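These notes are about the structure you will find just below.
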Amino acid sequence: MKCPDCSYEDSKVVDSRSIHQGISIRRRRECTRPGCGYRYTTYEYILANPVKVIKKSGVREEYDREKLENSFHIACKKRPVPEDNIQQAIHSIEEKISNISNVEIDASRIGELVMDELKKIDGVAFIRYASVYRQFKDVGEFKAQIEDLKK
Ligand SMILES: [Zn+2]
């Protein structure tokens with residue numbers, strides 16, 4: 001695990017607790033590079049039989065939590081969104097996915113779920129994600145989305 005501040009590859013665990021009724025572990029880590037000592041949080045999850053995600057091209061691939069996390073991190077970059085909120089959102093999406101199917105799910109469906117969560121977390125992050133995801137065809141469509149958000 002690389003330090004998000006200095007990319008140093010070694011860290012020590014300073015706190016570790018079980019969350020979500022014991023299905024995951026949250027760890028506080030501290031970068032061990034002298035002079036850095038940056039503290040960050042990692043999460044560990046049990047991987048249940050992952051569902052397959054059907055992409056637009058028809059290709060199926062295993063659901064990948066990290067990809068989902070990346071989408072959130074990109075959308076929330078430099079936004080005042082605590083990591084805990086992102087993790088909660090992902091947890092809630094995973095619950096919804098498993099309610100829809102434990103075999104396979106359309107990637108577009110996951111995209112919609114991500115947008116639902118981002119809308120609740122941060123308006124700017126939502127617009128960022130939606131503009132990439134929906135590839136707004138014109139400014140009008142973009143404005144409509146923002147108007148919708150104001151409601
Ligand atoms: Zn560091």
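Where a number appears in this text, it was derived from the coordinates with a stated rule and is not lab data. Bear in mind that the values here come from a model prediction, so they are computed numbers and not experimental data. Reconstructed Cβ throughout: ideal geometry from the backbone, glycine too, with neighbour counts over all protein chains shown.
Before moving on, here are some points about what is shown:
- Global geometry of segment 56-98, whether rounded, prolate or oblate, following the gyration tensor of its Cα atoms and the 1.5 cut on a/c: oblate
- The base-10 log of I(q)/I(0) for the chain, evaluated at q = 0.10, 0.19 Å⁻¹, reads -0.44, -1.23 [Debye formula, identical scatterers on Cα atoms, solvent excluded].
- Burial ordering of Ser71, Ser92, fewest other beta-carbon atoms within 10 Å first: Ser92, Ser71
- Note on Val103 and Tyr45: the extension gain reaches 19.0 nm, defined as 0.36 nm multiplied by sequence separation minus the Cα-Cα distance.
- Antiparallel %, DSSP beta bridges [both residues in the chain], to 5: 85 percent
- Cross-link partners of Lys120 among lysines, defined as those whose alpha carbon lies under 30 angstrom from its own and excluding same-chain residues fewer than eight positions apart: Lys2, Lys52, Lys55, Lys56, Lys67, Lys77, Lys78, Lys96, Lys137, Lys143, Lys150, Lys151.
- Cα gyration tensor, segment 1-46 - rounded (a/c under 1.5), prolate or oblate: prolate
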